[in-house]
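Heads up: the structure comes next, in structure tokens.
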Amino acid sequence: MRTAYSVETVRAAERELMARLPEGALMQRAAAGLAAVCAGLLGKVYGARVVLLVGPGDNGGDALYAGARLARRGAGVTAVPMDPQRVHAGGLAALRAAGGRVAAAVPERADLVLDGLVGIGGRGGLRPAAAALVERIPPGAVVVAVDLPSGVDADTGEVAGAAVRADVTVTFGAYKPGLLVDPGASRAGALRLVDIGLALGAPDAEALQHADVAGLLPVPTASSDKYRRGVVGVVAGSSQYPGAAVLAVAGALRGGAGAVRYVGPAAESVLARYPETLIGRGRVQAWVVGPGLGDGRGDEVARCLADPVPVLVDADGLRGLDAAGLRVRSAPTVLTPHAGEAAALLGVPRESVEAGRLDAVRGLARRYGATVLLKGSTTLVASGGGPVRVNPTGTPWLATAGSGDVLSGLGGSLLAAGLSAVDAASVAAYLHGLAARRAASGAPLLAHQVAEALPAAWRDVPR
């Protein structure tokens, strides 16, 4: 599991550790790790051209001390301060003692650029002086962000205006939520964590990795039959949207449950494509309701929610949900909105959801007493307590009609197979993203191709 911690938590852990260490020891640990990563990226350090973009705080100090280490190994290191009157004195002295130099402008050529402008305490957009330096980063240089790309909010991943686009981010002590959540995640590049000895408690966010997903996937035993593996009911589709039913069933059939039961007006279309499907109501271990239902089908949602089994509600099923009624359900509920649907559920403008996705998904989980999967460029999963799960898989090609229907069926099937609500939602998002990557391979894809790629994605996760 990749865990991430808020700025407040990290700062508190740093203060506690610094109180027990000699002055400057923590910065030296960070600089040593940063320099080691840079050396690995350069391959040959001697003769390499390294540029440091230096802010006035400790972030700039980390860059200067790392630059000094690279200079001692023969790199040509040039520091460009954002404000020459406000530079970390110890770091600057170390750089000069190692043979590094200071310049007023960014050199036109560099092999590697260290972004040490703004640290994890930065909020809002970059100041004009910092933005001007970012614009001058030499083309072709490997850009390494120190702790966090400058211009990215460490707690939320928000980007207000100009921001560094790093190839690699070397973060200290712990991952920060803004490194895992877009748009910040897309600015961070590859992540490298340097352990500096922080003692940290419960994380604010976490991201599943292959090993975590492997431990959660339902695997049948010799005594399993289709009913022991779970039956998922799918209530989806309409005369206007029969394809939604087909796609939701497609995801459900590949999600680990033993059988899929379809209820709705698109039975003929579903059976034509998937003759394995059971038709009509019956006993199930979980329901999926909402994809392609259209208007005026709220009774279908209410009927599913009245069944004391886990229920995943998506798309048209999300309209007019009763928060108080969901909070008193005896079985888990999973809601899977996109930003527009989340905004309607919260009663706020869509822009406020998109600007604060972590707050939005937490707020939805609290208001509705449900596990909420907020779809988007970074899919987030939140329940009533615990860290928000950030999905690390996917591709922009997933923004295609019907892909959410496949995700709903997959998540419902995992619920029927026995996974908890938060695990079912998280694993569904993870496999869905893996399948989309496989199906797309850098080209446009269709939703049914995502469903067809799920078995291969499942096999990609080693067990």
Exercise for review: Would you mind telling me the antiparallel percentage of the DSSP bridges in the stretch 139-273, rounded to 5?
Suggested key: 5 percent
Exercise for review: Taking the Cα centre of the chain as origin, sum charge times position over the Cβ atoms of Lys and Arg (+1) and Asp and Glu (-1), and report the length of that vector in debye to the nearest 20.
Suggested key: 820 debye
Review point. Within the accessible area of the chain, what % is carbon and sulfur when the probe is 1.4 Å and the other protein chains stay in place?
Key: 51 percent
Exercise for review: Using only alpha carbons, build the gyration tensor for the chain and give me the equivalent ellipsoid semi-axes, biggest first, whole Å.
Suggested key: 48, 21, 20
**Study point:** Over the chain: helical MRE at 222 nm, DSSP H runs n ≥ 4 each giving -39500 (n - 2.57), nearest 500
**Key:** -12000 deg cm²/dmol
Check your understanding: Of TRP287, TRP458, which has the most accessible area with a 1.4 Å probe, and how do the rest follow in descending order?
Key -> TRP458, TRP287
Practice item. First obtain the Kirkwood hydrodynamic radius of the stretch 299-399 from its Cα pairs, then insert it into the Stokes-Einstein equation at 10 °C and 1.306 mPa s, and state the resulting D in µm² per second as a whole number. Key: 115 µm²/s
Review point. In nm, to one decimal, how far is the modelled label at LEU21 from the one at SER330, with both set 7 Å along Cα→Cβ?
Key: 5.4 nm
**Study point:** Summed side-chain charge close to ALA68 - residues other than ALA68 whose Cβ falls under 13 Å, Lys, Arg +1, Asp, Glu -1
**Key:** +4
Review point. Separation between the ALA190 and ARG86 pseudo-spin-labels, each 7 Å from Cα along Cα→Cβ, expressed in nm?
Key: 3.4 nm
Revision key, fill the gap. In the neighbourhood of ASN59 defined by beta carbon distances under 10 Å, the net charge of the other residues (Lys, Arg +1; Asp, Glu -1) is -4
**Study point:** DSSP beta bridge pairing in the stretch 292-403, given as percent antiparallel to the nearest 5
**Key:** 45 percent
Study note, to complete from the structure: Computed over the stretch 3-63, protein heavy atoms only, probe 1.4 angstrom, the accessible area per residue in square angstrom equals 45 Å²
Exercise for review: Skip the ligands, DNA and RNA, and give the accessible area per residue of the stretch 66-139 with a 1.4 Å probe, whole Å².
Suggested key: 49 Å²
Point to revise | Mean Cα-pair separation over length for the stretch 335-418, i.e. relative contact order, pairs under 8 Å, 6 or more apart, % | key: 22 percent
Review point. Around GLY215, with a cut-off of 12 angstrom between Cβ atoms, what is the net charge of the other residues, counting Lys and Arg +1 and Asp and Glu -1?
Key: -1
Practice item. Mind ranking GLU276, GLU452, GLU8, GLU14 by accessible surface for me, highest first, 1.4 Å probe? Key: GLU8, GLU276, GLU452, GLU14
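The values are calculated or read from the model by the stated rules, or taken from the named source; none is laboratory data. On a predicted model such as this, the values are computed, not experimentally measured, just so you know. For neighbour counting, all protein chains shown are included, and Cβ atoms are generated from backbone atoms with ideal geometry for every residue, glycine included. These accessible areas exclude ligands, DNA and RNA; they are computed on the full protein's heavy atoms, side chains included. Shrake-Rupley method; radii C 1.70, N 1.55, O 1.52, S 1.80 Å.
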